[in-house]
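Worksheet: the structure to be examined is printed underneath.
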Amino acid sequence: MATSIILNGTSGLKLHKKPVYTTPANWTEEEFKEGIMKIEGKMKEDPKSLKGYEGEVGCKYGPLKHTFTDKQYIREITMVTGSLWTSQIHKIKHPFFVMQGECTVLSELGVSRIRAPYWGVTEPGTKRLLYIHEETVWITVHPTKKKDVNSVVDEVIAKDFDDFENFEALNSINEIKLREGE
């Protein structure tokens, strides 16, 4: 059962489509990919760094909640104030929602500061670097028929940018075959 508060006939909650501010990128896509992978590599070398999640529940720096519905996987992560994160490389276009908090997001498009409530769309091939100013709850919704977290991750996350490019190329070949009736 859901709970909501009605204020003067409306929920009073407006999800923002625009960030607090955005600074356009001054780098090429290749420079960004190379740079974010170097940053992630340096982060992994730090002995204080979290090197992945501790199982399906996340960790004390980013607890995870997994929900499955008909043909959807919903992933909710809570990231603590002052932490620095890199996202995975996403294979499939999907919506995301920032329900609480504030963070700065570096992507191939530039730098954006996001304050909840906020929503956006993650394009295929996206990888982000996030600095968490205030505890942030970030939710993603992924189309899938699978009901197991590890299977979903294999389906929607690329291991690296080469893996994503191979996935994209295979999908292009499959689309051509479908159009040609093979």
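No lab work stands behind these numbers, since they all come straight from the coordinates. This structure is a prediction, so every number in the text was calculated from the model and none was measured. Positions of Cβ are backbone-derived with ideal geometry, glycine not excepted, and every protein chain shown enters the neighbour counts.
Odds and ends about this structure:
- Surrounding net charge for G101, when Lys and Arg each add one and Asp and Glu each subtract one, Cβ distance under 10 Å: -2
- Under 10 Å, Cβ to Cβ, from E134 - net charge with Lys/Arg +1 and Asp/Glu -1: -1
- Most to least packed among 152-161, 89-98 [average Cβ atoms within 10 Å]: 89-98, 152-161
- Cross-linked pairs K42/K147; K93/K147; K38/K147; K42/K91; K44/K93; K18/K146: Cα-Cα separations exceed 30 Å for K42/K147; K38/K147; K18/K146.
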